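Just below is one structure, and these are the notes that go with it.
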Amino acid sequence: MNTMELKEVIKKRRTVRDFQNKEVSQEIIEYAIENGFKAPTYNHLREWDFIIINSLESKLKLIESEKLDKAINIDELENMFKNEEIIMKEMYLDAIPKQKKMIISAPSVIIVVFKPKVRVEKAKKIYDLNCLASIWTCIENLLLSLAENDVYGVTFIPQNIDTIKVKLGIPVELEIAAIIPIGYKAEDARMLKQKTINIKEKIHSEKW
Ligand SMILES: Cc1cc2nc3c(=O)[nH]c(=O)nc-3n(C[C@H](O)[C@H](O)[C@H](O)COP(=O)(O)O)c2cc1C
């Protein structure tokens, strides 16, 4: 198991959608989930579960549920993002055509399940979404711990959560936060440039 400096791992963690055909060991996945459970959580209960999918059969259930088998028209996509910032357009033009392939080609897919405080459709305040905020702190720990072991992922947020829940037998009272295809980076994996941020402009003193 690798042990890297925190700042190196933070820099190393990037979204990857192109994977090698190489299995990720259960040990690496368990290490990442164990570190995920160290993340802060609003009610101190860490009501999180993880389904590890390795079989093509289960991956196909995700693709069918999300209706990811439709052909993508690149010209339509170009047009859709023509007025957006270049950095965002580049990301979507790379990402959208890969949504199906990244699930199929990833050796493992982690389904991140959490217990909601209130039903999503009933949430009225940020406070009601503390459960979702908490699981995302866990997800970042998980992604960092995978990156530490040269394993990368992409957080995919499903639209048809209820269908996936039925297909995977997830209890009705729970929610899916993300589906994370993970694996080793393909040699030609596209790593998109991150937006340059001037930290000084983002930190406000005493008031906005
Ligand atoms: C909440 C959230 C939802 C995302 N949804 C998707 C998604 O549905 N499909 C996808 O390919 N990437 C998705 N991503 C990945 C982002 O596109 C990616 O993190 C972003 O391009 C930045 O890349 P980086 O992580 O390498 O900095 C999502 C990321 C987050 C945090």
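Being crowded, with 20+ Cβ neighbours inside 10 Å and either over 27 Å from Arg14 (Cβ atoms) or among the hydrophobic types (A, V, I, L, M, F, W, C) (or both) is true of Ala177.
Within region 97-119, if we keep just the residues that are within 14 Å of the ligand (Cβ to nearest atom) and open to solvent by 80 Å² or more (accessible area, probe 1.4 Å), the residue that is farthest from Gly183 (Cα to Cα) turns out to be Lys100. Residues in region 130-162 that are of a type in the set (Val, Ile, Thr) and open to solvent by 10 Å² or more (accessible area, probe 1.4 Å) were compared, and the one that is farthest from Gly183 (Cα to Cα) is Ile161. I'm checking my understanding of the structure. Among residues of region 5-40 that are hydroxyl-bearing (Ser, Thr, Tyr) and farther than 14 Å from Gly153 by Cα, which one is farthest from the ligand (Cβ to nearest atom)? Result: Ser25.
All conditions but one from (1) in contact (Cβ under 8 Å) with a residue 60 or more places away in the chain; (2) open to solvent by less than 20 Å² (accessible area, probe 1.4 Å) apply to Lys195; the one that does not is (2).
Each residue in region 103-151 was checked for being of a type in the set (Gly, Ala, Ser) and within 12 Å of the chain's Cα centre (by Cα), and 0 of them qualify.
Residue-wise test of (1) more than 22 Å from the chain's Cα centre (by Cα); (2) open to solvent by 50 Å² or more (accessible area, probe 1.4 Å); (3) more than 28 Å from Ile33 (Cα to Cα).
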{"site": "Trp48", "(1), (2), (3)": "no, no, no"}
{"site": "Asn54", "(1), (2), (3)": "no, yes, no"}
{"site": "Ile63", "(1), (2), (3)": "no, no, no"}
{"site": "Ala71", "(1), (2), (3)": "yes, yes, yes"}
{"site": "Ile74", "(1), (2), (3)": "yes, yes, yes"}
{"site": "Glu85", "(1), (2), (3)": "yes, yes, yes"}
{"site": "Ala95", "(1), (2), (3)": "no, no, no"}
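In a residue-by-residue description of region 168-176, the property of being on the phi > 0 side of the Ramachandran plot and not hydrophobic (A, V, I, L, M, F, W, C) applies to at least one position.
The values are calculated or read from the model by the stated rules, or taken from the named source; none is laboratory data. Every value quoted in this text rests on a predicted model; they were computed, and no experiment measured them. Backbone-built Cβ (ideal geometry, glycine too); neighbour counts: all protein chains shown. Surface areas here come from the heavy atoms of the whole protein model, side chains and all, with no ligands, DNA or RNA. Shrake-Rupley method; radii C 1.70, N 1.55, O 1.52, S 1.80 Å.
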